[in-house]
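Participant: The following block contains the structure, expressed as structure tokens.
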Amino acid sequence: MNTIFKLLLFFLILIIGFAGIAFYWTFYKPLPDYEETITLNGLNESVDIHWDDFGVPHIYAGNEQDLYYALGYVHAQDRLWQMTLTQIMAEGRFAEFFGDDEELIELDKYQRTLGFWKIAQQLVDTLGQDERRVLNAYSNGVNAFIDNNSNRLPVEFSLAEIDPLEWTPVRSLAVSRLMGWELNMGWWSEVTYQYLKENLPARQFDQLQLRFPDEAPTSLDDSESMGYSSALMPLLKQEMYKRRLLEMEGTHVGSNAWVVDGSLTESGYPLLAGDPHLGLDMPGKWYEVHLNLSGRNVSGATLAGVPAVIIGQNDHMAWSFTSIMSDDTDFYLEQQDPKDRGRYVVDSLSNGEIAFESFERVREIIKVKDGDDRSLEIRYTQHGPVISDIYPVPELTEDKIISMRWTGFELTNEMKTLYNINWAENFQQFKDALPTFGVPGLNFMYGDTEGNIAMYSVAKLPIRSGDPITLRRGWDPDQNWQGFIPFDQLPRVINPEDGWIANANNKLTTDSYPFYIATFWEPPSRIERIEQTLLNNDSFTYKEFESLQNDSYSNFAAKLTPLILEILRDQEAYNFDLPISYLENWNFEYSMSSTAASIFDVFFLNFTKNSLQDDFGNEAYENFIHHETIPVRTMTSLIETESSLFDNINTGEVETKEDIVVKSMQDAVLFLSDSLGSEPYEWRWEQLHTITFEPPLFAQAADAPGASTALKLIVNNVLSKGPYEVESHGMSVNNGQYHWDQPFEMVLGPSIRRISDLSDVSRSKSVLPTGQSGNPLSKHFGDQTDRWLNGEYRWLYQDSTALFDEAEIQTMRLVPGE
């Protein structure tokens, strides 16, 4: 990353050359005056924005156009740099703004080939009158802030020497599709699965117990598949690079959500909780708002750039979501015509004839700051973009190429769904809003003031034949998608007799369900704990839901620890009294003070490495552990066997499972002693598991070779927050995932926690990991972090009386111009 962030030199110039004045103009001047009256062209009537003591805007408007205009204005006021960065990402314009760097140019090629901007432009044409009106008003509000504040923009614009981009409805739709791709993790597992199948002996691969059932038909037999899936690994590595660059890390992308009806609550009304799990950065993913339209209310979490409450409640209902973990992406091996490279095979007919179609071609110019522009040609087959053109590899021979089909390329209307949910007044209106939602695939969790609870799985899920997780034959029409699962046949649960519904990205249906949804569900540790709690309590309040959202108990550890202890007790070669004592007395919670948690996790990482790295080789092993679900599933099964994978092929002896357990515990004790100290009380989980909230792009710049000490100090102490000690774990309800290749820094977790009690819709409880503002000197930059770390919440009001009685309010007024 030696040239990627030349923009940061400007930061040093600001500090050294213009210390006092520059500091004011750079940081303080962009801060809003929450009691200002602002005249804006484009408003019809005055709009009052009441800011509470956590910087949440409560927007009161007399008409819809002004309401969404004001929402666009406040999004831009607090998150304009974040909004701009999403658009640079959607359009693939990193090199244009940040410089002549090959990694950025390759990232631009990748983003443009995936086609987020292309599909967003197409989606505009599908909008109905309501959502088009909302998006136009919102865009006008964003642009009004930009036009009125050109001399007081966030510091990042000065650093990058760029201006904000004019906002349009296309940009809001692009944000939605980017979120769809961020939650699309199924293809990571599929690519890794194929890679391991190609690079491991069949006997070893079978022992991993990852493969699709033997009786299932496959699209490509082994001889046809061999080598081609390895061509997809550069794609996966590019995606990993992008997510690390933009602080979107972690692979447990998903959520917890559950709802209970009035038979299980103290109030007699439903209680609903949700906490989406996403990569954690500064200033954070979500921005909370309360909208009041002529007395009608909706409140909750929005994405800066999208004019809708995505997780929240109104006067009649509350909703949250989890990821379905749906398999909505397929890769197709395509055959070019060797006599005409401008076309490809679409059908190998039974009579021996071959049908061809010409590639669709789009040529784009990648502008490069301080460098020569680059030309990019993107080819499309009937299935989608030819992704192998980005990363040509020798494995693709005989005129073979790989294309990708993703449901995100389909025309859907998520804005219509969100708009109608936001203002729905009853269960039927909520249900009527769902069919137009397609990407990403979500489980909508629901509760209302009438006592209804429900979960609807909503997605554009393809109907396909054959093995769904291997490369498909592009020339075989039978391997094409055969339409999509009808909405009325998608999974759903409505008012169950036991009074509760929960999902934690676990398997949705039994095998009797007639359609394929996914293969790589999340491990069951979280959902098991949630179900245990819901089954063992018959009267819930906010308090119990808060406790469950912050629960750090690991069912995963509880199942494996007895197996480990049995082996350690039975051996006599080494004295493991100390780790045995801690593990025997462990309550399986990843609390701050737990030494057993540290022992178990360090052991388990070493157990996996000692069992598999010698067989896989370094590169295959690194790919194997990147998606944590895969090694967790593998080792959970493997420890119950006497697999030959436990033998270390680099020694002259034959190691057993027991040998590897003993060695791994030795390695764990040695690591903890060397890194934390010789006394076990120094091995507490808080000493290992920390989190730092860092700004996208800038954090990577500070880590780049040659970055100055001053730059590191600025990024680490002004633009970032942390490190903080944090309880939780990737296998606990309170998700706290870290990278296996860089343990134990937490990178993914609850991006917001929300709880709604339908007995009183005037308020809800929530907390963000950071805060509302993206300005590092704002009092709302990270002002909720301590609450988030400590499992505390705050009230979000959507009732005027409660708002003014309970919160400290400052009022901003937007008034129409001439």
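The values are calculated or read from the model by the stated rules, or taken from the named source; none is laboratory data. Predicted model, so just to flag it, every value in this text is computed and none were measured. Please note: Cβ atoms are built from the backbone with ideal geometry, for glycine as well, and neighbour counts cover all protein chains shown. In case anyone asks, the SASA skips ligands and DNA or RNA and just uses the protein heavy atoms, side chains included. Shrake-Rupley method; radii C 1.70, N 1.55, O 1.52, S 1.80 Å.
Participant: Hey, among the residues in region 605-636 that are outside any helix (DSSP H, G or I) and not charged (D, E, K, R), which one's surrounded by the most Cβ atoms within 10 Å (Cβ to Cβ)? Please lay out each step first, then the result.
Facilitator: Kept after step one, since they are outside any helix (DSSP H, G or I), are these residues of region 605-636: 617, 627-628.
Okay, now just the ones that are also not charged (D, E, K, R), so 617, 627.
Values: GLY617: 12, HIS627: 21.
Per the stated criteria, the residue is HIS627.
Participant: While we're on this one: For region 478-507, give me the residue count where each residue is in a helix (DSSP H, G or I) and surrounded by fewer than 20 Cβ atoms within 10 Å (Cβ to Cβ).
Facilitator: Here the count works out to 4.
Participant: In addition: In this structure, does ASP703 turn out to be acidic (Asp, Glu), surrounded by fewer than 20 Cβ atoms within 10 Å (Cβ to Cβ) and within 28 Å of the chain's Cα centre (by Cα)?
Facilitator: Numbers: acidic (Asp, Glu): yes; surrounded by fewer than 20 Cβ atoms within 10 Å (Cβ to Cβ): yes; within 28 Å of the chain's Cα centre (by Cα): yes.
Criteria met by ASP703.
Participant: I'd like the residue in region 760-778 that is among the aliphatic types (A, V, I, L, M) and modelled with pLDDT of 95 or more and, out of all such residues, is surrounded by the most Cβ atoms within 10 Å (Cβ to Cβ). I'd like the intermediate steps shown before the answer.
Facilitator: Applying the first criterion (among the aliphatic types (A, V, I, L, M)) to region 760-778 yields 761, 767-768, 777.
Cutting the leftovers down to modelled with pLDDT of 95 or more gives us 761, 767-768.
Working: VAL761: 21, VAL767: 26, LEU768: 28.
Result: LEU768.
Participant: Please go through region 647-658 and pick out each residue that is touching a helix residue (DSSP H, G or I) at 6+ places or on another chain (Cβ under 7 Å) and either surrounded by fewer than 17 Cβ atoms within 10 Å (Cβ to Cβ) or of a type in the set (Asp, Glu) (or both).
Facilitator: Residues of region 647-658 that are touching a helix residue (DSSP H, G or I) at 6+ places or on another chain (Cβ under 7 Å), as a first pass: 648-650, 655-658.
Scanning region 647-658 gives ILE649, ASN650, GLU655, THR656, GLU658.
Participant: Among the numbered conditions (1) over 25 Å from LEU264 (Cα atoms); (2) without any contact (Cβ under 8 Å) to a residue 40 or more places away in the chain; (3) assigned to a helix (DSSP H, G or I), tell me where PRO514 comes up short.
Facilitator: (3)
Participant: Here's a follow-up. Could you give every pair whose Cβ atoms fall below 7 Å, whose first residue belongs to region 315-336 and is at positive phi, and whose second residue is not in a strand (DSSP E or B), counting only separations of at least 6 or pairs across chains?
Facilitator: If the second residue must be not in a strand (DSSP E or B), the pairs left are MET325/GLY186; MET325/ASN505; MET325/ALA518; MET325/PHE520; MET325/TRP521; MET325/GLU522.
Participant: Taking the condition among the hydrophobic types (A, V, I, L, M, F, W, C), modelled with pLDDT of 95 or more and out of contact with any Phe, Trp or Tyr (no Cβ under 7 Å at 6 or more places or on another chain), does LEU153 pass? Working first, answer last.
Facilitator: Numbers: among the hydrophobic types (A, V, I, L, M, F, W, C): yes; modelled with pLDDT of 95 or more: no; out of contact with any Phe, Trp or Tyr (no Cβ under 7 Å at 6 or more places or on another chain): yes.
Considered against the rule, which asks whether it is among the hydrophobic types (A, V, I, L, M, F, W, C), modelled with pLDDT of 95 or more and out of contact with any Phe, Trp or Tyr (no Cβ under 7 Å at 6 or more places or on another chain), LEU153 comes out as no.
Participant: For region 332-348, check the following and say yes or no: at least one residue is buried (at least 24 other Cβ atoms within 10 Å of the Cβ), of a type in the set (Gly, Ala, Ser) and more than 26 Å from TRP187 (Cα to Cα).
Facilitator: Looking for residues that are buried (at least 24 other Cβ atoms within 10 Å of the Cβ), of a type in the set (Gly, Ala, Ser) and more than 26 Å from TRP187 (Cα to Cα), one finds none in region 332-348, hence no.
One line per residue, one yes/no per condition, for (1) in contact with a helix residue (DSSP H, G or I) (Cβ under 7 Å, 6 or more places away or on another chain); (2) aliphatic (A, V, I, L, M); (3) on the phi > 0 side of the Ramachandran plot:
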{"site": "LYS507", "(1), (2), (3)": "no, no, no"}
{"site": "THR519", "(1), (2), (3)": "no, no, no"}
{"site": "THR561", "(1), (2), (3)": "yes, no, no"}
{"site": "ILE567", "(1), (2), (3)": "yes, yes, no"}
{"site": "PRO579", "(1), (2), (3)": "yes, no, no"}
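Participant: Out of everything in region 423-441 that is open to solvent by less than 10 Å² (accessible area, probe 1.4 Å) and in contact (Cβ under 8 Å) with a residue 24 or more places away in the chain, what residue ends up being farthest from the chain's Cα centre (by Cα)?
Facilitator: Our first condition is that a residue be open to solvent by less than 10 Å² (accessible area, probe 1.4 Å); within region 423-441, this holds for 424, 430, 433-434, 438-439, 441.
Imposing the further condition that a residue be in contact (Cβ under 8 Å) with a residue 24 or more places away in the chain reduces the set to 424, 430, 434, 438-439, 441.
Working: ALA424: 27, PHE430: 25, LEU434: 22, GLY438: 17, VAL439: 14, GLY441: 13 Å.
Here the answer is ALA424.
Participant: Say whether the condition of being over 24 Å from GLY262 (Cβ atoms) and among the small types (Gly, Ala, Ser) is met by at least one residue in region 438-447. If you could, list the steps in order and put the result at the bottom.
Facilitator: Narrowing region 438-447 to residues over 24 Å from GLY262 (Cβ atoms): 438-442.
Going one step further and asking which of them are among the small types (Gly, Ala, Ser), we end up with 438, 441.
Yes, region 438-447 has at least one match.
Participant: Six or more apart or on different chains, Cβ atoms under 6 Å: show the pairs whose first residue is in region 731-756 and farther than 28 Å from ALA620 by Cβ and whose second is modelled with pLDDT of 95 or more and acidic (Asp, Glu).
Facilitator: VAL733/ASP551; ASN734/ASP551; PRO750/ASP275; ARG753/ASP275
Participant: Select, from LEU183, LEU278, the only residue that is modelled with pLDDT of 75 or more, open to solvent by less than 10 Å² (accessible area, probe 1.4 Å) and under 18 Å from the mean Cα position of the chain (by Cα). Steps first, please.
Facilitator: Numbers: LEU183 fails: open to solvent by less than 10 Å² (accessible area, probe 1.4 Å).
Of LEU183, LEU278, the one residue that is modelled with pLDDT of 75 or more, open to solvent by less than 10 Å² (accessible area, probe 1.4 Å) and under 18 Å from the mean Cα position of the chain (by Cα) is LEU278.
Participant: Continuing with this model, one more query. Could you pull out every one of the strands (runs of 3 or more DSSP E) wholly within region 259-304 that has 2 or more residues that are over 30 Å from MET731 (Cα atoms) and touching a strand residue (DSSP E or B) at 6+ places or on another chain (Cβ under 7 Å)?
Facilitator: Values: elements: 271-279, 286-293, 296-303.
Per the criteria, 286-293, 296-303.
Participant: Out of THR449, THR412, report the one residue that is open to solvent by 30 Å² or more (accessible area, probe 1.4 Å), of a type in the set (Val, Ile, Thr) and within 30 Å of ASN495 (Cα to Cα).
Facilitator: Numbers: THR412 fails: open to solvent by 30 Å² or more (accessible area, probe 1.4 Å).
One residue alone meets the criteria, THR449.
Participant: If a residue counts only when it is surrounded by 22 or more Cβ atoms within 10 Å (Cβ to Cβ), which strands (runs of 3 or more DSSP E) contained entirely in region 32-122 have at least 1 such residues?
Facilitator: Qualifying strands (runs of 3 or more DSSP E): 47-51, 57-61.
Participant: Could you grab me the full set of residues in region 790-803 that are without any contact (Cβ under 8 Å) to a residue 60 or more places away in the chain, outside any loop (DSSP other than H, G, I, E, B) and either loosely packed, with under 14 Cβ neighbours inside 10 Å or touching a Phe, Trp or Tyr at 6+ places or on another chain (Cβ under 9 Å) (or both)?
Facilitator: Correct list: THR801, ALA802.
Participant: Do you know which of the residues in region 677-691 that are surrounded by 18 or more Cβ atoms within 10 Å (Cβ to Cβ) and outside any helix (DSSP H, G or I) is farthest from the chain's Cα centre (by Cα)?
Facilitator: ARG684
Participant: Same structure, new question: Filter region 777-802 down to the residues that are in contact with a Pro (Cβ under 9 Å, 6 or more places away or on another chain) and aromatic (Phe, Trp, Tyr) and list them by number.
Facilitator: PHE781, TRP788
Participant: Another one. Just need a number here: residues in region 637-646 that are surrounded by fewer than 18 Cβ atoms within 10 Å (Cβ to Cβ) and part of a helix (DSSP H, G or I).
Facilitator: At the first step, the residues of region 637-646 found to be surrounded by fewer than 18 Cβ atoms within 10 Å (Cβ to Cβ) are 637, 640-642, 644.
Checking which are part of a helix (DSSP H, G or I) leaves us with 637, 644.
Residues flagged as surrounded by fewer than 18 Cβ atoms within 10 Å (Cβ to Cβ) and part of a helix (DSSP H, G or I) within region 637-646 amount to 2.
Participant: Which condition from (1) part of a helix (DSSP H, G or I); (2) out of contact with any helix residue (DSSP H, G or I) (no Cβ under 6 Å at 6 or more places or on another chain); (3) under 24 Å from GLU410 (Cα atoms); (4) among the hydroxyl-bearing types (Ser, Thr, Tyr) is the one that THR126 breaks?
Facilitator: (1)
Participant: Now for a different question. When you look at ASP674, is it over 30 Å from TYR241 (Cβ atoms), out of contact with any helix residue (DSSP H, G or I) (no Cβ under 9 Å at 6 or more places or on another chain) and either open to solvent by 70 Å² or more (accessible area, probe 1.4 Å) or touching a residue at least 12 places away in the same chain (Cβ under 8 Å) (or both), yes or no? It would help to see each step written out before you state the result.
Facilitator: Details: over 30 Å from TYR241 (Cβ atoms): yes; out of contact with any helix residue (DSSP H, G or I) (no Cβ under 9 Å at 6 or more places or on another chain): yes; either open to solvent by 70 Å² or more (accessible area, probe 1.4 Å) or touching a residue at least 12 places away in the same chain (Cβ under 8 Å) (or both): yes.
Criteria met by ASP674.
Participant: Another one. Looking at (1) surrounded by fewer than 17 Cβ atoms within 10 Å (Cβ to Cβ); (2) closer than 30 Å to ASN790 by Cα, which is the only condition ALA668 fails?
Facilitator: (1)
Participant: Something else now. Within region 779-789, does at least one residue satisfy the condition of being surrounded by 14 or more Cβ atoms within 10 Å (Cβ to Cβ) and assigned to a strand (DSSP E or B)?
Facilitator: no
Participant: Restricting region 508-535 to residues that are at pLDDT 95 or above and among the polar types (S, T, N, Q), which is surrounded by the most Cβ atoms within 10 Å (Cβ to Cβ)?
Facilitator: THR533
Participant: Still on this structure, I have one more. When you check ASP467 against the structure, is it touching a residue at least 12 places away in the same chain (Cβ under 8 Å) and among the acidic types (Asp, Glu), yes or no?
Facilitator: Details: touching a residue at least 12 places away in the same chain (Cβ under 8 Å): yes; among the acidic types (Asp, Glu): yes.
Judged against the criteria, ASP467 is a match.
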